[in-house]
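The values are calculated or read from the model by the stated rules, or taken from the named source; none is laboratory data. The structure displayed is predicted, hence computed values, not measured ones. Cβ atoms come from the backbone with ideal geometry, glycine included; neighbour counts cover every protein chain shown.
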There are 2 protein chains.
Amino acid sequence: MSGTTARRRGRPPRAESADTRDRILTAAREEFSERGYEKTSVRGIAKSAGVDSALVHHYFGTKEQIFEAAIAVAFAPALDAPNAVADGPLEGVGERLTRFVFGVWDNPTTRAPLLAILRSAVNNETAAAVFRRLVATQLLRRVAAQVDLPDAELRAELAAAQIVGTAMMRYVIKLEPLASADLEQIITRVAPVVQRHLTQP
Amino acid sequence: MSGTTARRRGRPPRAESADTRDRILTAAREEFSERGYEKTSVRGIAKSAGVDSALVHHYFGTKEQIFEAAIAVAFAPALDAPNAVADGPLEGVGERLTRFVFGVWDNPTTRAPLLAILRSAVNNETAAAVFRRLVATQLLRRVAAQVDLPDAELRAELAAAQIVGTAMMRYVIKLEPLASADLEQIITRVAPVVQRHLTQP
């Protein structure tokens, strides 16, 4: 995409444009996570990033495309091919998936895209479709592909349901004692359930 | 509350007022489930129920109180004391809880209050507080009280996370194959996990 940019006259040079893209994505994550998909506007993202709306459209396209780009970064370490989270040995996949997702949720800086997609997907069909593409098609199908059991995809989805449900109760609903529990204690309890969903005959 | 009503002049008689209350609660569930907590107004609920806003306030109080009353009905069968869902034998509690919650979710008519609380609680702190009161304090604490193991409350919350996460993926995000899977197949896979969270030493 920076190739396209470089060909246009008057556009910022390559390095600066990467900076601008990052600034727009950061602003987008903040806006989407605070307001949800529906109430966020491209104009609002542009304003918060200190750029013109046209530049946001130029780099990313529609609001849906901006949303997907802003969210995808959270899943990138598990989507790059090949990677240890999705493609490692089946034994231990429960712990790797659980650690990966809670690692992102537990860090206030990386939490924004997950909050954004969760808040948005439950209220908006376009955002739900992005969730399905990123989480289901890209991440879960990849895990399921290694599971040599009937209903591998259903298994992967029920495993994801335990992780997403726990993250929602802990970080969004803030149910106690879950919200204040030690992260290792949660991983110790959740990882075997994820493993069981995926691999128990 | 109908006692209070009956004492007031010009208010509808007892039977009619029970009808009106039901109509207001049904309208409230529809409004909250479609729009979420923030975008729903007492005026909108009143309009949809065909009554005056003042009457809604008279019967239920604030928007938060209307929300809680509208949602509570979904949990009533598990909150009435004593009942088979929460107070039956510990063996089989996983299946009872799972069947109860999915029974409510899987029925399009009883799904509205659950959609309302899920959509609202992830985006609004007042709605999240209602979720915590109804689900955590009233239902989960009661289940946890019977579990004679350390971290009984944390266990109950992780069990609830599996159920809520699965319901969200199936009914809200509509992830396939989970969304179209046979309900019995889901219960067969989820119930043992709920039981395990609650009772495995």
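Things to note:
- Any hit, segment B:147-163, residues being β-branched (Val, Ile, Thr), within 8 Å of chain A (Cβ to nearest Cβ) and in a helix (DSSP H, G or I): yes
- Residue pairs meeting the criteria (Cβ under 6 Å; at least 6 apart or on separate chains; first within 22 Å of A:Tyr171 (Cα to Cα), in segment A:118-145; second among the charged types (D, E, K, R)): A:Val122/B:Arg119; A:Asn123/B:Arg119; A:Asn124/A:Glu38; A:Val130/A:Glu68
- Unmet requirement for A:Pro108, which otherwise passes all of (1) farther than 26 Å from B:Gly36 by Cα; (2) modelled with pLDDT under 95: (1)
- When residues of segment B:163-178 are limited to those that are in contact (Cβ under 8 Å) with a residue 24 or more places away in the chain and within 15 Å of A:Met169 (Cα to Cα), the one surrounded by the most Cβ atoms within 10 Å (Cβ to Cβ): B:Thr166
- Of B:Asn123, B:Asn107, all but one fail to be of a type outside the set (Phe, Trp, Tyr) and more than 14 Å from the chain's Cα centre (by Cα); the exception is B:Asn123.
- Which listed residue is surrounded by 13 or more Cβ atoms within 10 Å (Cβ to Cβ), of a type in the set (D, E, K, R), modelled with pLDDT under 90 and not assigned by TED's automatic domain parsing to the domain that holds A:Leu114, from A:Glu68, A:Glu38, A:Glu31: A:Glu38
- Here B:Val122 meets the list (1) at pLDDT 90 or above; (2) within 8 Å of chain A (Cβ to nearest Cβ) almost entirely, failing just condition (1).
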